[in-house]
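This report concerns only the one structure given below.
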Amino acid sequence: MRILILFLFLLLSAVSFSQEKKTSKFEPSFESFKAYRIPEWFRDAKFGIWAHWGPQAVPRQGDWYAKKMYMEGSADYKYHLAHYGHPSVFGYKDIVNLWKAEKWDPDQLMALYKKAGAKYFVSMGTHHDNFFLWNSAIHKWNAVQMGPKKDVVGLWQKAALKQGLRFGVSEHLGASYTWFQTSHKADTSGSMKGVPYDGSNPQYQDLYHTLAAADDKGWLSKNKAWQAEWLASIKELIDGYHPDLLYSDSGFPFDSVGREMVAHFYNENMKFNNRMDAVYNCKQASQGMWVQDLERGIMDSISPFPWQTDTSIGDWFYRTGQKYSSAEEIIQMLIDIVSKNGNLLLNIVQTPEGDIEQDMIQTLDEIGRWIAINGEGIYGTRPWIKYGEGPSTTEKQAKGAFGGLKDVRKYQSADIRFTVKNGILYTFLLAKPMEDIQIKSLGLAAKDARKIRSIQLLGSSEKIKWHQKDDALIIEKPTRIPLETVLCFKVKFSK
């Protein structure tokens with residue numbers, strides 16, 4: 001009997017150990033992360049929309065208001081003095097409670113974003129202002145207890161899932177510890193010289209953080225206690241909402257602490273979904289262990305690993321009178337990125353009230369009409385043997401974060417990008433053709449040349465006239481253009 005009991009105990013222990021291994025596949029090490037594979041849903045999605053939105057929209061002065069309002073002499077400091085008073089009395093803590101989000105309709109906006117072609121949606125979880133947009137049990141400065149008194153992350157998630165979009169969250173908390181140190185300063189001149197800003201008030205240290213060590217000035221803090229606090233916060237976000245995508249506004253964060261977080265994210269995602277759907281974005285080359293993100297930047301060639309550009313249609317936060325990118329600029333950007341194995345995550349600027357302006361609605365509608373015609377050349381595609389040809393590929397290209405996205409050159413009709421799916425080549429003209437189109441990469445003498453069987457202009461029933469020469473494929477200029485923007489030719493090869 002004792003032997004039988006011992007056998008049963010060992011059997012149950014083995015089952016328990018097996019289950020534990022199954023739900024704890026990833027250890028907090030880069031060696032373990034090498035087993036990670038980027039999910040197909042992300043590789044197929046190509047286009048996501050981001051709500052980079054929170055209390056910093058309230059003053060309508062754009063990005064980084066919570067930091068710059070404490071920078072004596074800056075434009076935001078001067079604006080704050082004129083409209084709210086001195087930051088020793090009326091500080092960012094008071095801006096928080098002016099954010100009501102009274103016109104925010106997540107279902108209406110999500111339907112608009114889906115119609116525009118987004119396949120995934122990302123909600124900001126917290127910016128560098130240390131204000132959480134989720135229902136937090138460990139941090140009172142959150143959108144459920146203060147400001148709009150709504151679970152912003154939760155409501156965005158519900159709307160996204162209702163529309164069939166994948167859902168993600170972004171965390172900018174890691175940089176907040178050093179970023180928010182301006183709130184601990186004081187004016188160096190004038191009538192309020194030496195009077196500490198409200199960030200120095202012990203009553204509000206849970207929002208502004210305590211004073212950093214004199215040598216702790218990097219984007220990510222060296223303070224181990226702050227790193228542990230960050231880990232607990234992001235774990236709460238992961239466990240409470242089970243996002244499929246998590247974005248960190250930094251390089252890989254906090255060494256071993258960051259590895260613990262990423263392992264937890266991957267493992268919890270597998271446990272929740274019974275498969276690996278997790279995508280982790282950070283601003284560091286990944287070797288496939290996560291998805292590298294380039295803020296307002298691009299690659300200059302095809303990356304062996306899927307990657308992502310994050311950018312905004314305007315400023316990151318609402319700014320009165322700002323200029324937004326056009327639909328054509330966004331479409332050109334999307335195609336260029338996709339041709340190089342990337343995704344585009346686009347921030348749509350919301351007012352502090354939570355709605356979006358009419359010109360942005362028009363832009364989203366134009367993108368959606370283009371996607372409805374040309375989306376088959378975007379979604380589910382992969383890079384071809386080369387990403388493109390034309391002047392924009394031969395000129396020196398800026399690349400990397402903050403590089404190459406706002407190039408001064410204008411695309412020409414000779415600027416072409418390629419994607420491929422199921423053996424079909426999609427050929428995009430980045431500008432409207434004014435004459436017959438020449439595509440050198442598809443000439444019969446080109447490397448890896450193949451004979452073409454048929455060519456179709458997406459969105460058009462016109463019979464396309466073409467002939468394949470040694471030096472180029474020549475497509476006669478179509479007589480009818482479906483839309484006044486980028487064209488896509490669907491090229492099928494002979495077997």
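The values are calculated or read from the model by the stated rules, or taken from the named source; none is laboratory data. In this text the structure is predicted, and so the values were computed from the model without any measurement. Every residue, glycine as well, gets a Cβ built from its backbone with ideal geometry; the counts of neighbours run over all protein chains shown. In case anyone asks, the SASA skips ligands and DNA or RNA and just uses the protein heavy atoms, side chains included. Shrake-Rupley method; radii C 1.70, N 1.55, O 1.52, S 1.80 Å.
Structure notes:
- For the stretch 208-243 versus the stretch 446-495, the spacing of their alpha-carbon centroids is 53 Å.
- Between the helical axis of 106-115 and the longest alpha-carbon principal axis of the chain there is an angle of about 20 degrees.
- Phi to ³J(HN,Hα) by Karplus 6.51 cos²θ - 1.76 cosθ + 1.60 over the stretch 304-313, Hz, x for Gly, Pro: x, 10, x, 9, 9, 9, 10, 8, 10, 5
- Of all accessible heavy-atom area on the stretch 408-462, the percent that carbon and sulfur account for (1.4 Å): 47 percent
- W99, W219, reordered so the largest accessible area comes first (probe 1.4 Å): W219, W99
- Note on K421: aspartates and glutamates with a C-alpha under 13 Å away, same-chain residues under 8 apart excluded, are D44, E376.
- Compared with the alpha-carbon gap, the fully stretched path from Q203 to F305 is longer by 32.0 nm at 0.36 nm per residue.
- Listed values for the stretch 487-493 are Karplus-derived 3J(HN,Hα) couplings in whole Hz (6.51 cos²θ - 1.76 cosθ + 1.60, θ = phi - 60°), namely 9, 10, 9, 9, 10, 10, 9, and x replaces Gly and Pro.
- Axis angle, to the nearest 10 degrees, between helix 152-162 and the longest C-alpha principal axis of the chain: 30 degrees.
- The stretch 100-171 and the stretch 272-300 have Cα centres spaced 21 Å apart.
- 5 angstrom amide H check on D355, placed H, neighbours 5+ away: K103
- The lysines whose alpha-carbon is closer than 17 Å to the alpha-carbon of K271, local same-chain residues fewer than 8 away aside, are K21, K22, K25, K235.
- E260 - accessible surface, heavy atoms, 1.4 Å probe, Å² rounded to 10: 80 Å²
- Listed pairs K115/K162; K323/K477; K465/K492; K114/K386 exceeding 23 Å between Cα atoms: K323/K477; K114/K386
- Computed from backbone phi, the HN-Hα couplings of the stretch 208-216 come to 8, 6, 7, 5, 6, 4, 4, 9, 9 Hz, rounded to whole numbers (Karplus: 6.51 cos²θ - 1.76 cosθ + 1.60, θ = phi - 60°; Gly and Pro given as x).
- Label zone of K469 (point 7 Å out along Cα→Cβ, amide N under 18 Å): in the stretch 410-435 this covers 414-415, 434-435.
- Axis angle, to the nearest 10 degrees, between helix 358-374 and the longest C-alpha principal axis of the chain: 40 degrees.
- Within the chain, antiparallel bridges make up roughly 45 percent of the DSSP beta bridges whose residues both belong there.
- Residues whose amide H lies under 5 Å from that of W50, counting only those 5 or more places away or on a different chain, are V122, L346, N347, I348; hydrogens are built 1.01 Å from N in the peptide plane.
- Annotation: amide H-H contacts under 5 Å for R319 (H modelled 1.01 Å from N, sequence separation of 5 or more, or interchain): G62.
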